Amino acid sequence: MWLFLFTELILFGGMFIVYAVYRFVHQQEFHLAAQELNTTVGLINTIILLTSSMTAAMSITAMQKGNIRFAKGLIWVTILSAFAFMVNKFFEWSAKIHHGIYPGSPDLLSKPNGEILYFGLYYVMTGLHALHVIVGVVFFLFVLRHIAQGKVTPTAYVRLENSALYWHLVDLIWIFLFPLFYLIH
Amino acid sequence: MSEHQHAEAHVTEYGKYIFVWLALIAFTGITVTAAGIGLGNWTIVLALTIASAKSWFVLNYFMHLKHEDTVFKVFIAVALFTFVIFIGFTFWDYSF
């Protein structure tokens, strides 16, 4: 699992490097473009993800202690948090698109290059991250199914552990995305 | 995920997770506040430092790296170190 997480580091790491270069070249425009983002929505999503990461980690403890009911409850909290995150993201993106800011839109193309790049990176990086959130939910749904089938038990919970690891990675990526996109003033 | 891990599985108590969560929330608060007071170019340095600190908590406690084998820690350290070099050299390249 960790090996897979390394490949994710390369995937997102590459994009962070692209971000770093463009931000350097277009400092002013990145600052301007970032004003369009809603820091409050970003902050709420940060808190949601941090909390869901905690419940995911706790579900392993519950499983180790043989408290399967509690473990399932915690996994459900994690899944619901992921949904809350996606709902926020949906409204955030909808608002942007409503204001005419989406890749290739006439409004966006009329802006300076730096702002086009900023929003391009914003959509690709947060979009890919959102895709990871969905995959994480699928993992946890499988784990719940496997718990019901008796394949994941207090003595054999590697699938739960790996799903949680994946989920923490999603959290880690967001820890960096949030300040880099929402907090440039 | 080493095979023998379950023989000596470490159980992290709920309380510890809550403590780590509180720390993460506090760090988030500091980042948002710091970004608001306008430290110029230092904002990004501070933001990345805090993000790294948060990552350290997530990796060690949520991802149980603290209780993994040393070889694991070395792997991750090498991967992250390489990445930091990439980012660092990129900044170096573009700031001079």
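Within region B:51-95, if we keep just the residues that are aromatic (Phe, Trp, Tyr) and within 21 Å of residue A:161 (Cβ to Cβ), the residue that is nearest to the other protein chains (Cβ to nearest Cβ) turns out to be B:62. If only residues of region A:55-80 that are more than 10 Å from chain B (Cβ to nearest Cβ), of a type outside the set (A, V, I, L, M, F, W, C) and within 25 Å of the chain's Cα centre (by Cα) are counted, the one that is surrounded by the most Cβ atoms within 10 Å (Cβ to Cβ) is A:59.
Counting only residues that are part of a helix (DSSP H, G or I) and either exposed (fewer than 15 other Cβ atoms within 10 Å of the Cβ) or modelled with pLDDT under 90 (or both), region A:33-43 holds 1 of them.
Here is a yes/no grid of residues against (1) within 14 Å of another protein chain (Cβ to nearest Cβ); (2) part of a helix (DSSP H, G or I); (3) within 20 Å of residue A:37 (Cβ to Cβ):
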{"position": "A:96", "(1), (2), (3)": "no, yes, yes"}
{"position": "A:104", "(1), (2), (3)": "no, no, yes"}
{"position": "A:108", "(1), (2), (3)": "no, yes, yes"}
{"position": "A:118", "(1), (2), (3)": "no, yes, yes"}
{"position": "A:123", "(1), (2), (3)": "no, yes, yes"}
{"position": "A:146", "(1), (2), (3)": "no, yes, no"}
{"position": "A:171", "(1), (2), (3)": "yes, yes, yes"}
{"position": "A:174", "(1), (2), (3)": "yes, yes, yes"}
{"position": "A:181", "(1), (2), (3)": "yes, yes, yes"}
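Residue count for region A:131-174 under the criterion of being under 30 Å from residue B:40 (Cβ atoms) and without any contact (Cβ under 8 Å) to a residue 60 or more places away in the chain: the result is 1. Across region A:129-165, the qualifying residues are those that are aliphatic (A, V, I, L, M), touching a Lys or Arg at 6+ places or on another chain (Cβ under 7 Å) and more than 29 Å from residue A:90 (Cα to Cα), and the one among them that is surrounded by the fewest Cβ atoms within 10 Å (Cβ to Cβ) is A:147.
Residues satisfying the criterion are absent from region A:154-171 (criterion: over 29 Å from residue B:27 (Cα atoms), among the basic types (Lys, Arg) and out of contact with any His (no Cβ under 8 Å at 6 or more places or on another chain)). Close contacts from region B:65-80, counting a first residue that is part of a helix (DSSP H, G or I) and a second that is of a type in the set (Ser, Thr, Tyr), with Cβ to Cβ under 8 Å and a gap of 6+ residues or different chains, come to B:72/B:2.
Hey, can you tell me all the residues within region B:6-45 that are closer than 28 Å to residue B:92 by Cβ and either at pLDDT 90 or above or surrounded by fewer than 13 Cβ atoms within 10 Å (Cβ to Cβ) (or both)? The answer is B:27, B:30, B:31, B:37, B:38, B:40, B:41, B:42, B:45.
Residues in region A:44-53 that are closer than 14 Å to residue B:27 by Cβ and buried (at least 22 other Cβ atoms within 10 Å of the Cβ) were compared, and the one that is farthest from the other protein chains (Cβ to nearest Cβ) is A:49.
The values are calculated or read from the model by the stated rules, or taken from the named source; none is laboratory data. Owing to the predicted nature of the structure, the values given are computational and were not obtained by experimental measurement. When we count neighbours, we look across all protein chains shown, and the Cβ atoms used for this are built from the backbone with ideal geometry, even at glycine.
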